[in-house]
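**Student:** Encoded as structure tokens, here's the structure I'll be asking about.
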Amino acid sequence: MPKVGIIYNDIKPVAGRVAIELKDKLTAAGWDVSITSSIGGILGYSNPESPVCHTPIDGLTPPGFDSEMKFAIVLGGDGTVLAASRQVAPCGIPILAVNTGHMGFLTETYLNQLPQAIDQAIAGEYEIEERAMLTVKVLRGESVLWEALCLNEMVLHREPLTSMCHFEIAVGRHAPVDIAADGVIVSTPTGSTAYSLSAGGPVVTPGVPALQLVPICPHSLASRALVFPDTEPVNIYPVNIPRLVMVVDGNGGCYIFPEDRVYLERSPYSVKFIRLQPPEFFRILREKLGWGLPHIAKPTSVELP
């Protein structure tokens, strides 16, 4: 019996309703269906009294989800896709992301196209697009205090109010650099269209094996976004006292103290997205962000040369 998974955003009633309907339909068609909420992929939020809320990377995989599963259907917006990616990437399960949210930058299809999308996925008429992920760890000495998979970005900043932070950052074997800024972002190519873009970083197409380091509001004209090979690990040493806060994929994270070190490297896991049509990144940029569209409206009533 073929296996399929369903991951849905339980905060959105429509996603929960569609998840149940899909489960019944696929079960009747002879599929072994496992269903779970995307809340299982949420990293959890720390607080000053409990500064580390740690779930190991492999501990986020839901019951019934394994490498034998043909694919998983994800119902939600980009936040749901980010959470689901942490749940299924260690098992290598491809995901078909269905947008029930707003932007839906990472999703492949919409609810009104769901029946056709499911039929196409069941028939195996799709391509797989792999997206690189980061492994983010917080170390104190050689002890791992916290770890997570990251599809978009890791952000390190001061809390509760934005103010100047100081970092010593080492990329690979290169000499460490000092950066003074409101915070720093380390982003994957997928994350280059998220927070990194808003902070002035470049757009990096998904197939480029690169990471980028982006200072947030740097206190120097010389501090700009840096793009470097994803074979280079990154070590970040916070200089601030008493603590900073780290956020991964806009979700959860932990507090970082002066004796801690944030370590990032390309993860051995990747997210496998089901693409029902050949991946066309520039089309998504145009549809979602308006990239490359004419900046002057051309009236249709005027014949242009």
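**Student:** Around residue 238, under 11 Å between beta carbons, what's the net of Lys plus Arg minus Asp minus Glu among the other residues?
**Tutor:** Net charge around residue 238: 0.
**Student:** Residue by residue, what Karplus-based ³J(HN,Hα) values in Hz, rounded to whole numbers, does segment 109-126 have, using 6.51, -1.76 and 1.60 with θ = phi - 60° and x for Gly and Pro?
**Tutor:** Running phi through 6.51 cos²θ - 1.76 cosθ + 1.60 with θ = phi - 60° gives 8, 10, 4, 5, 10, 4, x, 5, 5, 5, 4, 5, 5, 4, 6, x, 8, 7 Hz.
**Student:** Additional query: Based on the Cβ-Cβ distance from residue 111 to residue 208, what FRET efficiency comes out when R0 is 35 Å, to the nearest 0.05?
**Tutor:** 0.65
**Student:** Take the Cα radius of gyration of segment 186-287 and divide it by 2.2 N^0.38 Å, with N its residue count; two decimals is plenty.
**Tutor:** Computed over Cα atoms of segment 186-287, the ratio equals 1.22.
**Student:** Can I ask one more? With Cβ to Cβ distances under 9 Å as the rule, what net charge do the other residues near residue 133 carry (K, R +1; D, E -1)?
**Tutor:** +3
**Student:** What accessible area per residue comes out for the chain, rounded to a whole number of Å², with a 1.4 Å probe?
**Tutor:** For the chain, the solvent-accessible area averages 47 Å² per residue.
**Student:** Distance from the Cα centre of segment 80-101 to that of segment 213-282, in angstrom?
**Tutor:** Answer, in whole Å: 20.
**Student:** Let me ask another. Could you pull out every residue, at least 5 positions away or on a different chain, whose amide H is within less than 5 Å of the one on residue 100? Hs are placed 1.01 Å off N in the peptide plane, and Pro or chain starts have none.
**Tutor:** Distant-sequence amide H within range of residue 100: 76, 77.
**Student:** Shifting gears a bit: Pairs of alpha-carbon atoms within less than 8 angstrom and 6+ residues apart define the contacts here; what relative contact order does segment 187-284 have, in percent?
**Tutor:** This gives 19 percent for segment 187-284.
**Student:** Further, regarding this structure: Grab the other residues whose beta carbon is less than 12 angstrom from that of residue 264, score K and R as +1, D and E as -1, and report the net.
**Tutor:** Counting the neighbours of residue 264, the net charge comes to -2.
**Student:** Run the accessible area of segment 168-305 with a 1.4 Å probe and give the carbon-and-sulfur part as a rounded percent.
**Tutor:** Carbon plus sulfur share of accessible area: 59 percent.
**Student:** Given a Förster distance of 25 Å, report the FRET efficiency between residue 235 and residue 158 from their Cβ-Cβ distance, rounded to the nearest 0.05.
**Tutor:** Efficiency, from the Cβ-Cβ distance: 0.80.
**Student:** In the structure shown, do any of 25/70; 137/272; 23/288; 70/137; 23/272 have a Cα-Cα gap over 28 Å, and if so which?
**Tutor:** With Cα atoms farther than 28 Å apart: 23/288; 70/137.
**Student:** For the chain, evaluate the Debye formula with one uniform point scatterer on each Cα (no solvent term) and list log10 I(q)/I(0) at q = 0.09, 0.11 Å⁻¹, rounded to two decimals.
**Tutor:** -0.48, -0.70
**Student:** For residue 168 and residue 219 in the same chain, what is the full-extension length gain: residue separation times 0.36 nm, less their Cα-Cα distance, in nm?
**Tutor:** Fully extending the segment from residue 168 to residue 219 adds 16.9 nm.
**Student:** Could you list which residues have their amide H under 5 Å from that of residue 230, counting only those 5 or more apart in sequence or on another chain, with H placed in the peptide plane?
**Tutor:** Hits under the 5 Å cutoff: 210, 211.
**Student:** Most fluctuating residue of 42, 118, 57 in a GNM of the chain with Cα springs under 10 Å: which is it?
**Tutor:** Among 42, 118, 57, the largest GNM mean-square fluctuation belongs to 118.
**Student:** Using the beta-carbon distance between residue 123 and residue 24 and R0 = 22 Å, what value does 1/(1 + (r/R0)^6) give for FRET efficiency, to the nearest 0.05?
**Tutor:** About 0.65, to the nearest 0.05.
**Student:** Here's a follow-up. Considering only DSSP states other than H, G, I, E and B, which GluC sites (Glu not before Pro) in segment 113-214 qualify as loop sites with at most 12 other Cβ atoms within 10 Å?
**Tutor:** 125, 142
The values are calculated or read from the model by the stated rules, or taken from the named source; none is laboratory data. These figures come from a predicted structure and were not determined experimentally. Note that each Cβ is placed from the backbone with ideal geometry, even for glycine, and that neighbours are counted across all protein chains shown. Please note that ligands, DNA and RNA were not included when accessible areas were found on the heavy atoms of the full protein model with its side chains. Shrake-Rupley method; radii C 1.70, N 1.55, O 1.52, S 1.80 Å.
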